[in-house]
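Since the structure comes first, as structure tokens, the remarks are kept for the end.
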Amino acid sequence: MKKPLPILLLIITLFGSCTFLTNSFKYNNTTQAFMDYLVHKQYDKCIPLLAFANNTNPANLKKKLDGFSMIVVKNFGNNLDYSFIKAEKTFGTNTSNNTAPNTTVVFVEYTNRSHFGMIQAVFDDKSGKILDIKTLDIKERIPSMTFYWLFGIIALCIPAFNIYMIILIKRSDMRRKWLKYFFVILINVPAVCYKAVGGLSFLFLNFQFLFGISFAKQGYLNSYWIFGIPLGGLIILWKLKTKNYKVRSESAIGESTNPETESDQAENTNG
């Protein structure tokens with residue numbers, strides 16, 4: 001009798017996730033369309049996308065839109081490209097930071113040939129229209145992404161090393177191997193971070209639990225790689241090298257676990 005409840009909760013969660021994802025794409029398109037109309041002073045096309053337009057004097061609204069347009073065009077021009085960054089709903093104990101009920105916050109990055117900025121738009125989930133929209137106080141030069149990807153290649157060496165260490169632990173005669181696995185996976189500290197905007201930094205008390213690495217590619221401002229120094233794996237490697245633990249080769253493992261080989265050896269001994 002209790003089984004339908006978890007299934008019902010799962011269905012509700014999946015449905016909510018699908019709705020949120022669908023709305024995110026729709027809100028992204030609406031934000032980009034609004035900004036494109038705005039910078040080209042097509043205010044009559046902007047107004048239908050605003051949830052509060054019916055309660056505002058059209059002349060006053062156009063004045064506000066014109067002021068908004070002038071700020072964006074003055075700083076970035078009117079030939080802009082857009083990239084969806086994220087959509088979010090925030091819930092927590094600190095109610096001042098929570099997203100208002102039935103609303104979604106969308107972030108869209110816009111760029112010209114040399115600089116980028118960020119738009120924050122708040123959408124009404126019932127109407128699918130904009131409740132509030134503003135540009136964040138961001139004007140950064142577009143960075144080269146070459147170092148970002150080169151740093152990513154270096155960062156990928158960390159999970160490769162940790163996986164290698166897990167294989168060595170499995171092949172060794174160490175006791176309580178499960179504890180060693182967790183040690184390798186969890187103890188990756190301190191961390192080294194490279195941001196596309198901001199460059200290199202060190203995070204001395206930052207643990208990287210996902211085999212020692214994390215990354216994001218969300219526009220320019222939120223693109224980063226972080227890898228933790230594989231301290232756990234290095235300690236295990238030191239123990240393997242100095243404590244006289246035995247590590248079987250792959251072929252030796254196959255020989256010891258092959259039942260046919262063991263039975264043949266037993267027959268030869270009896271013979």
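The values are calculated or read from the model by the stated rules, or taken from the named source; none is laboratory data. These numbers were taken from a predicted model, which means no experiment stands behind them. Positions of Cβ are generated from backbone atoms using ideal geometry, with glycine treated the same way; all protein chains shown enter the neighbour counts. Ligands, DNA and RNA are stripped out before the accessible areas are found, and what is left, the full protein with its side chains, is counted by its heavy atoms. Shrake-Rupley method; radii C 1.70, N 1.55, O 1.52, S 1.80 Å.
Could you list all residues from region 182-237 that are of a type in the set (G, A, S) and either farther than 13 Å from A155 by Cα or part of a loop (DSSP other than H, G, I, E, B) (or both)? Give the steps one after another, and end with the answer.
As a first pass, look at region 182-237 and keep what is of a type in the set (G, A, S): 191, 196, 198-199, 201, 212, 214, 216, 219, 223, 228, 232-233.
Those that are of a type in the set (G, A, S) and either farther than 13 Å from A155 by Cα or part of a loop (DSSP other than H, G, I, E, B) (or both): A196, G198, G199, S201, G212, G219, S223, G232, G233.
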Residue pairs within 9 Å by beta carbon, gap of at least six or interchain, first lying in region 176-194 and farther than 30 Å from N222 by Cα, second modelled with pLDDT under 90 and open to solvent by less than 40 Å² (accessible area, probe 1.4 Å), listed first then second, are K180/M174
Residue under question is I142, and the condition is that it be in contact with a His (Cβ under 9 Å, 6 or more places away or on another chain) and either among the acidic types (D, E) or open to solvent by 40 Å² or more (accessible area, probe 1.4 Å) (or both); does it hold? yes
Taking region 151-165 and keeping residues under 16 Å from F209 (Cα atoms) and open to solvent by less than 40 Å² (accessible area, probe 1.4 Å) leaves A155, I158, P159, N162, M165
Problem set entry | D132 charged (D, E, K, R), over 13 Å from Y27 (Cα atoms) and at pLDDT 95 or above | no
Within region 38-83, restricting to residues that are open to solvent by less than 60 Å² (accessible area, probe 1.4 Å), outside any helix (DSSP H, G or I) and of a type in the set (S, T, N, Q), the one that is modelled with the lowest pLDDT is T56
Requested in this report: Determine, yes or no, whether E88 is of a type in the set (D, E) and without any contact (Cβ under 8 Å) to a residue 24 or more places away in the chain.
Outcome: yes
K86: passes all of (1) among the charged types (D, E, K, R); (2) surrounded by 12 or more Cβ atoms within 10 Å (Cβ to Cβ); (3) at pLDDT 95 or above but (3)
The residue that is modelled with the highest pLDDT, considering only those in region 18-29 that are open to solvent by 20 Å² or more (accessible area, probe 1.4 Å) and over 19 Å from T111 (Cβ atoms), is K26
Here the residues within region 160-186 that are under 21 Å from the mean Cα position of the chain (by Cα) and modelled with pLDDT under 95 are I185, L186
Problem set entry | Filter result for V105 (at pLDDT 95 or above, part of a strand (DSSP E or B), among the aliphatic types (A, V, I, L, M) and over 20 Å from the mean Cα position of the chain (by Cα)) | no
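At pLDDT 90 or above and part of a helix (DSSP H, G or I), is that true of L9? Write out each step before concluding.
Working: at pLDDT 90 or above: no; part of a helix (DSSP H, G or I): yes.
Judged against the criteria, L9 is not a match.
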Taking region 101-133 and keeping residues of a type in the set (A, V, I, L, M, F, W, C), within 21 Å of K64 (Cβ to Cβ) and either open to solvent by 40 Å² or more (accessible area, probe 1.4 Å) or in contact (Cβ under 8 Å) with a residue 40 or more places away in the chain (or both) leaves V106, V108, M118, I119, A121, F123, I130, L131, I133
Per the list (1) within 28 Å of T30 (Cβ to Cβ); (2) open to solvent by 20 Å² or more (accessible area, probe 1.4 Å); (3) part of a loop (DSSP other than H, G, I, E, B); (4) not polar (S, T, N, Q), residue check on R175 breaks on (1)
